[in-house]
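S.K.: I'd like to ask some things about the structure below.
What follows draws every value from the coordinates through simple rules; no lab data is involved. These figures come from a predicted structure and were not determined experimentally. Cβ placement follows ideal geometry from the backbone for every residue including glycine, while neighbour counts extend to all protein chains displayed.
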Amino acid sequence: MATKTAEGAGPETGARHDETVAETAVTEEAQAPEQPETGDETVAEPRRASGVGQGAGAVVSAALGLVSLNGGWVGTVASARAQLMGQLKTSSQAGVAQQIKAVYGDAWHATALWAGLFAVAALVVGVAVLARPAFGAPGRPQAPWIKSVAWGGVALGVIGLLLAALKYSDALLGLPSAG
């Protein structure tokens, strides 16, 4: 006869119990979702775009739009250079109309040209930011603030381009007549 253990079960019962526990552990392990292991091995998760580049582009577009409205440092330098060149090219015997055009008109046009270039840059960057989601990760919407700032940059670019064209064509604050 088999000897009984302290629990009241024989050796055959203990072996069956061990097999049942082992089978249960294997079944639970197979059913459990895989967990990333801790330690030396890391599980790489798919990288999600944070939108930092799009946000930066939107802010740059708005800044370029503002620069297009006030001319910026480059426009001021170009205007001063055109004014100096006009003073050097005109002689004291030149007529008043010619002196006004050479000294002030060319400087005015240089400022308008640089403002127009900044406006075009604001438009290009703003439209690129707004069009980016169409070429990016599908199902990932663009943050509302990025859209708002980019639309602001586009609007400022349009206004800046319009004002630059009006200044360059002398329709807005044209040169005074010398007559």
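S.K.: Give me the number: length gained by fully extending residue 159 to residue 63, i.e. 0.36 nm times residue separation minus the C-alpha to C-alpha distance, one decimal in nm.
M.R.: Extra length from residue 159 to residue 63 when fully extended: 33.2 nm.
S.K.: Can you compute the label reach from residue 70? Point 7 Å from Cα along the Cβ direction, backbone N cut-off under 16 Å, restricted to the stretch 142-161.
M.R.: Flagged as within label range: 156-157, 160.
S.K.: Let me ask something else. Contour minus end-to-end for residue 148 and residue 92, with contour as 0.36 nm per residue of separation and end-to-end as the Cα-Cα distance?
M.R.: Roughly 14.8 nm would be gained on extension.
S.K.: Give me the one-decimal nm value for the distance between modelled label points at residue 104 and residue 177, 7 Å along each residue's Cα-to-Cβ direction.
M.R.: With each label point 7 Å from Cα toward Cβ, the separation is 1.5 nm.
S.K.: Moving on. How many times 2.2 N^0.38 Å is the alpha carbon radius of gyration of the stretch 58-141?
M.R.: Expressed relative to 2.2 N^0.38 Å, the Cα Rg reads 1.63.
S.K.: Multiply the residue gap between residue 56 and residue 135 by 0.36 nm, knock off their C-alpha separation, and tell me the result in nm, one decimal place.
M.R.: So the extension gain works out to 26.7 nm.
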